[in-house]
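Report on the structure given below.
Values in this text are rule-based calculations from the coordinates and carry no lab data. All of these numbers come straight from a predicted model, not from anything done at the bench. Positions of Cβ are backbone-derived with ideal geometry, glycine not excepted, and every protein chain shown enters the neighbour counts.
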Amino acid sequence: MPVYEAHKGQVAYGFSVGILCLEYHLPFIPGDVGNASSYGFPVMFKEVRGASGDAVIVKQDAELASNFIEAAQWLVQQGCKAITSDCGYIGLHQDDVAAALEVPVFLSSLMQAPMVTRMLGPKRRLGIMVANGASVSDSFLDKVGITDRSRVYVQGLEHQPYFRKSILEESGTLDSDAVEAEVVETALDMQRENPDTGAILMECSDLPPYSAAVQRETRLPVFDWIGFINYVHQAVVRTPYKGFY
């Protein structure tokens, strides 16, 4: 057996991915980034001081960068091998947090967009579903690496009444069937209005529970937060392949 060494300040061991969390009042169901049972490996959560939904999604307060760095550094101290978040709009702080750490940092699901558009043929576009379309500016897209906007389009969910009440306004309750119906309706509208849609990318960390329903109804590839986190986990925690020859 190998000899193990204790790390000063580390209170637990065996965590793969550290997740920076908003100060948010919402039940996180299985499949949500904020639910630990969504993963097949141990993750660690850390709430970021001052990072309310309003501050991050609406106001996009750049002054919160130091708070995100502090929380991310704590997660790394606890042994986390990569850092992500529970809100795609935290991608505003991607460069600052990545510069401060020595582990991989991926703070927005939207960072997948350049890769996905390369997968699609030149006549196909990527439809991006976000929690609040009004908060998606050119400067924000630049921060998450979407510099070529010709191959993507963005659709917000803020127009959906139950989604707005439960998630954006943080009512504290969640009817998953009601959210699923609105998410699927939005995806079908996206596909109908943009026949060149080749795939859908979910920005919001609350949307992965509905990815299967969206794929079933649109028959398109669907990319989301959980798939991205699984992808990075596999990169930072490699295990031997098992099989036979």
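The set of residues from the range 117-137 being surrounded by 10 or more Cβ atoms within 10 Å (Cβ to Cβ) and of a type in the set (D, E, K, R) comprises 124, 125. Hey, does the range 66-81 have a residue that's surrounded by fewer than 24 Cβ atoms within 10 Å (Cβ to Cβ), closer than 22 Å to residue 224 by Cβ and acidic (Asp, Glu)? Scanning the range 66-81 turns up no residue that is surrounded by fewer than 24 Cβ atoms within 10 Å (Cβ to Cβ), closer than 22 Å to residue 224 by Cβ and acidic (Asp, Glu).
Taking the criterion of being farther than 19 Å from residue 109 by Cα and among the charged types (D, E, K, R), the residues of the range 130-179 that qualify are 164, 165, 169, 170, 175, 177.
When the range 167-198 is examined, which residues are found to be among the small types (Gly, Ala, Ser) and either touching a Gly at 6+ places or on another chain (Cβ under 7 Å) or surrounded by 12 or more Cβ atoms within 10 Å (Cβ to Cβ) (or both)? Those that are among the small types (Gly, Ala, Ser) and either touching a Gly at 6+ places or on another chain (Cβ under 7 Å) or surrounded by 12 or more Cβ atoms within 10 Å (Cβ to Cβ) (or both): 171, 176, 178, 181, 187, 198. If the condition is being without any contact (Cβ under 8 Å) to a residue 12 or more places away in the chain and of a type outside the set (Val, Ile, Thr), then the range 228-240 contributes 231, 234, 238, 240.
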